[in-house]
Every structure is written in C-alpha cells, then in structure tokens.
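Trainee: One structure coming up, written as structure tokens, with questions to follow.
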Amino acid sequence: MSENRIKKLTPLSETKFLSLYDIEYENKKHDTRHWAVASRKNYNTLKAQYFDNLSEKADAAILAAFHKDTEKIVCIKQFRVPLNDYVYELPAGLIDNGEDFKEAAKRELKEETGLTLLDINYDKSKSKVYASAGMTDESAAMVFCTCTGTVSQNYLEDDEDIEVVLLSKEDAKKLLKDDIKMDMRAFITLQAFAELGSKLFD
C-alpha cells in the first residue's frame, strides 16, 4: 500500500463480534473526510493494522465444499437476524484465535453440517477476499474443498438455525432461478457449479 491516508480511528460502538468506527482520512485531493466502518477487529488490533503495519488476518472461512459420496455441493439455509429471514449460503464461520483458515474450515464444516473435510484445493482457494469493502474491512478465506460423511445438526450452536442442502448440478440450476434470498458468494459459486459440476473442484 502507498501512503497511509487514514489519520485517525475513533470507536463509535464496540461489541464482542462487531464494532463500528469513525475513520478520519484524506481523499485523493488531500481533503479531510470521515467514513463509518464496521469491523470484526477490536480497536487495538485495527489501530495496529492502520498505523503500525500489523499484518492483517482473515476474519472468517467460507467453504465451497463438494460432497464426494453424493457428488453434490454443500449449501446451507440459515436464519439471519439482519434479514429476519432464511438465506441460502455456503458453510462459513469466524476464525478463532490461534486458528489458521484451514483449521477453521474443518471445524466450521463439522459444526454447521456434520460433514468431515477431506482435502483443500489450494490452487483454487484464496486466503483472503473481501465482500463489501465500502462498508467493512471484514475478510474471509475462500476454501474450495472436498468432504464426506452424513449431514447432522448435532454440532450446531444454540443460536445457529441451519438446514443443510446438498445440491446436484441440476438442483443448483433450479435454485438459481427461484425468487429466494441468497448470499452473493453462494450465488457466484452455485453459478459456477451449475456450469461446471464436479470440474469446479478439480
């Protein structure tokens, strides 16, 4: 990154999983501006990233998982409070302290679906991508992997309301045509799977 345009970081609201900050920065004409940013990181971590060159770590892991036993892609239908509705997503979750994205991917897949991660395709996976950089610095590892096992809800946390859906190539095509709420990463991945099928994971 070139010169640091961010000049000041001020917490507006801090919670366990999400905080809101006011950022004072200079635009390209060197005029001072303010931007509201939502972040998974606490004040000290974000401040160190902006001003002390602390290396940024991914906040979450998102899994494009291919179930080898059925040759279907793993999708979930989860209740999301901000939408007050269920939304189709890929299995995903926050990376805990001390974990890398590979460990988080394995844990989250088991927790949300009951399935066991087999292999990660490192050529197709990316350790850090951003979904909404105009609003948040949240980043996630996008993990392409294979898995096995039987779907189970036995590992869900109390606040997780999740239904696991295994989709064939034809199922994905049909779902994409339905008027349903869908996470954009799931949409893009299902579009690719509907076109390529299992080749997406080769």
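Since every read-out is calculated from the coordinates, none of them should be taken as a lab result. This structure is a prediction, so every number in the text was calculated from the model and none was measured.
Trainee: Cα axis of helix 101-113 to longest principal axis of the chain: angle in degrees, 0 to 90, nearest 10?
Mentor: 50
Trainee: As a check on your grasp of the helix formula, calculate [θ] at 222 nm for the chain: sum -39500 (n - 2.57) over DSSP H runs of n ≥ 4, divide by the residue count, round to the nearest 500.
Mentor: -6500 deg cm²/dmol
Trainee: Need the C-alpha centroid separation for the stretch 98-160 versus the stretch 57-84, integer Å.
Mentor: What the calculation gives is 7 Å, centre to centre.
Trainee: Near the amide H of Glu99, under 5 Å away, which other amide H atoms are found, from residues 5 or more places off or on another chain, if H is placed in the peptide plane?
Mentor: When sequence neighbours closer than 5 places are left aside, there are no close amide H contacts.
Trainee: If you don't mind, another one. Please compute the contact order of the stretch 60-201 in relative form: average sequence separation of alpha-carbon pairs under 8 Å and at least six residues apart, divided by the residue count, as a percent.
Mentor: 32
Trainee: Filter the cross-link list Lys102/Lys169; Lys106/Lys169; Lys173/Lys199; Lys8/Lys41; Lys106/Lys177; Lys41/Lys102 down to pairs whose alpha-carbon distance in this structure exceeds 22 Å.
Mentor: With Cα atoms farther than 22 Å apart: Lys102/Lys169; Lys106/Lys169; Lys106/Lys177.
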